[in-house]
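Before any comments, here is the structure.
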Amino acid sequence: MNCRPMLRALAAASSIALAGAPRAEGGLPHLASAPVASSAAARVAAYDGVVEAVRQTVLSAQVSGAVVELHARAGDRVKAGQVLLRLDARAAEQQAGAADAQARAARAAEDAATKELERQRQLFRMNFISQAALDRAEAEYRSTQAQAAAQRASAGAARTESAFYVVKAPYDGIVSDVSVTVGDMALPGRPLLTVHDPAALRVTAALPQTAAPGADSAPLAELPGATPARIAPLRWQVLPAADPATHTVELRLELPPATLAAPGMFARVWLAGRAVEAPALWVPAQAVVRRAELTGVYVIGADGRPLLRLVRLGAAGGAQVEVLAGLAAGERVALDPQAAARVR
């Protein structure tokens, strides 16, 4: 791409309001400048990442039914066990009621069988019935007891299934998304709501397998707009497997609990301590000119005249900014871009 039109536009935008400014007598005015510093220190590399929730749950129903109540909206804070959604459970409640009635009937039959067995044992002790008759009475009692246990289990299963029509929050968190509204049909496995824990967030970034940080180079996470801009993670981990398609490894940085972020936000991961072949170049941050998407500096030429030059910037380190392209070591840049723009 031809950068000359952009360079002319940047120079014009910097000096149009200052055209006609008087010059110092005897030639060009003196401009404060600084050399482009070359440092053999390790370069800081940046990689794009994304904020993820360590605990994020997509809630769905285990049964089918129409949504009749919805008690949560996206952005609501919920407590563990709080009811978020109810499905139409009338048929399930009727089945549970019928199962309870059968269980009560079986319990009554079990009580009657218990009393009958006791009477048969008394008759046996008085030699009024045979051993065979007592054995039959005990067998009937065990059969009645087993039937009562089966009915109780069936009633318990019916009550458990009726609870599937109520969707509750699994833990304290925030509702990220609500995928249904009242009247929708919920099916097993269909997403209904998404809940995440805001106190457990991490930044995930894909790194080239050759750029994975070592044990002595702790990475930093940057969230645009956050304070501080760069955050030291509580823990970080490089997953032991690489992606066979992209040959990248996944780096995970666990953020502090008080970090203000949300899943899906853009993040950047900074890795320091990486050895580089070429030394890094640095210029004072005050020398940088920014106009829209363009960045440049005024370079002092051999004749002392400042010339605007587009540069590509890297990481900022205090009062210095790394220059990735556009300058050479030893060149001098004007510290006051506005004064340099007035020079004709």
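The values are calculated or read from the model by the stated rules, or taken from the named source; none is laboratory data. Fair warning: this is a prediction, and the values are worked out from it, not measured in the lab. All Cβ positions, glycine included, derive from the backbone under ideal geometry; neighbour counts span all protein chains shown.
Restricting attention to the range 56-76, report how many residues are assigned to a loop (DSSP other than H, G, I, E, B) and closer than 11 Å to Val167 by Cβ. Residues flagged as assigned to a loop (DSSP other than H, G, I, E, B) and closer than 11 Å to Val167 by Cβ within the range 56-76 amount to 5. Looking at the range 212-220, can you tell me whether even one residue there is in the same structural domain as Glu254 (by TED's automatic domain parsing), of a type in the set (D, E, K, R) and part of a loop (DSSP other than H, G, I, E, B)? There is at least one residue in the range 212-220 that is in the same structural domain as Glu254 (by TED's automatic domain parsing), of a type in the set (D, E, K, R) and part of a loop (DSSP other than H, G, I, E, B). Looking across the range 281-321, just one residue is polar (S, T, N, Q) and farther than 21 Å from Ser39 by Cα, and that is Thr295. Being in a strand (DSSP E or B), surrounded by 14 or more Cβ atoms within 10 Å (Cβ to Cβ), outside the structural domain of Val203 (by TED's automatic domain parsing) and on the phi < 0 side of the Ramachandran plot: is that true of Leu31 here? So Leu31 does not fit the description; no. Determine if the range 77-87 includes at least one residue that is assigned to a helix (DSSP H, G or I) and loosely packed, with under 12 Cβ neighbours inside 10 Å. There is no residue in the range 77-87 that is assigned to a helix (DSSP H, G or I) and loosely packed, with under 12 Cβ neighbours inside 10 Å. Please tell me if Ala261 is outside any strand (DSSP E or B), modelled with pLDDT of 85 or more and farther than 25 Å from Val203 by Cα. It is false that Ala261 is outside any strand (DSSP E or B), modelled with pLDDT of 85 or more and farther than 25 Å from Val203 by Cα.
Per-residue answers, yes or no, for (1) at negative phi; (2) not in a strand (DSSP E or B); (3) not small (Gly, Ala, Ser):
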{"site": "Gln286", "(1), (2), (3)": "yes, yes, yes"}
{"site": "Gly304", "(1), (2), (3)": "no, yes, no"}
{"site": "Ala316", "(1), (2), (3)": "yes, no, no"}
{"site": "Leu324", "(1), (2), (3)": "yes, no, yes"}
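Please go through the range 223-250 and give me each residue that is closer than 14 Å to Tyr47 by Cβ and modelled with pLDDT under 85, ordered by number. Result: Arg230, single match.
For the range 212-222, the criterion of being of a type in the set (A, V, I, L, M), surrounded by 16 or more Cβ atoms within 10 Å (Cβ to Cβ), within 19 Å of Ala53 (Cα to Cα) and modelled with pLDDT of 85 or more is satisfied by at least one residue. Of all residues in the range 264-283, none satisfies the criterion of being at pLDDT 90 or above and of a type in the set (D, E, K, R). Take Glu140 and decide whether it is more than 30 Å from Leu84 (Cα to Cα) and acidic (Asp, Glu). It is true that Glu140 is more than 30 Å from Leu84 (Cα to Cα) and acidic (Asp, Glu).
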